[in-house]
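The values are calculated or read from the model by the stated rules, or taken from the named source; none is laboratory data. Please read all numbers here as calculations on a predicted model, not as lab measurements. All Cβ positions, even for glycine, are placed from backbone atoms using ideal geometry, and neighbour counts span all protein chains on display. Keep in mind that these areas ignore ligands, DNA and RNA; they rest on the heavy atoms of the full protein, side chains included. Shrake-Rupley method; radii C 1.70, N 1.55, O 1.52, S 1.80 Å.
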Amino acid sequence: QVQLVESGGGLVQAGGSLRLSCAASGRFFSSYGMAWFRQAPGKEREFVAAQTWSGTTFYADSVKARFTISRDNAKNTVYLQMNSLKPEDTAVYYCAVALATSVSTTAGGYAYWGQGTQVTVSS
């Protein structure tokens, strides 16, 4: 069983920054692909960023060059640094674990999810 706990969400003005954290339980964290998704009210959950166990990263076009995913295997934690935030980034952000070394851009590719953390960007 893997448990994920996100933190770091909040209210920020457009152009500001936030760093989300996702602490994971489990002995094999470093072997798994990790990702961040988000869901805005009335919309489907969408892919934001992912990182394979070896460190290769993938980003949605909408966040490329603004967001950075990283992980600290010693701390069993994955991060999402979000810069130049826009009102359209407002959503609940979820981290997820793939029980595989690779990653997917679809939610179905992930076995475990955190409870989510709210990010609100004001204009």
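Of everything in the range 27-46 that is assigned to a loop (DSSP other than H, G, I, E, B) and farther than 16 Å from Thr77 by Cα, the residue that is least open to solvent (accessible area, probe 1.4 Å) is Ala40. Look at (1) more than 13 Å from the chain's Cα centre (by Cα); (2) open to solvent by less than 70 Å² (accessible area, probe 1.4 Å) and you find that Ala65 fails only one, number (2). Among the residues of the range 81-98, just one is part of a strand (DSSP E or B) and over 19 Å from Arg45 (Cβ atoms), namely Gln81.
Only residues that are among the hydroxyl-bearing types (Ser, Thr, Tyr) and either free of Cβ contacts under 8 Å to residues at least 40 places away in the same chain or open to solvent by 50 Å² or more (accessible area, probe 1.4 Å) (or both): list them for the range 5-26, please.
Scanning the range 5-26 gives Ser7, Ser17.
When you scan the range 68-82, how many residues do you find that are open to solvent by 60 Å² or more (accessible area, probe 1.4 Å) and either more than 13 Å from the chain's Cα centre (by Cα) or under 16 Å from Gln39 (Cβ atoms) (or both)? Qualifying residue count, the range 68-82: 3. Is there a residue in the range 28-44 that is free of Cβ contacts under 8 Å to residues at least 24 places away in the same chain and among the polar types (S, T, N, Q)? Looking through the range 28-44, none of the residues is free of Cβ contacts under 8 Å to residues at least 24 places away in the same chain and among the polar types (S, T, N, Q). Considering the range 99-123, the residues that are part of a loop (DSSP other than H, G, I, E, B) and of a type in the set (Gly, Ala, Ser) include one that is farthest from the chain's Cα centre (by Cα), namely Ser123.
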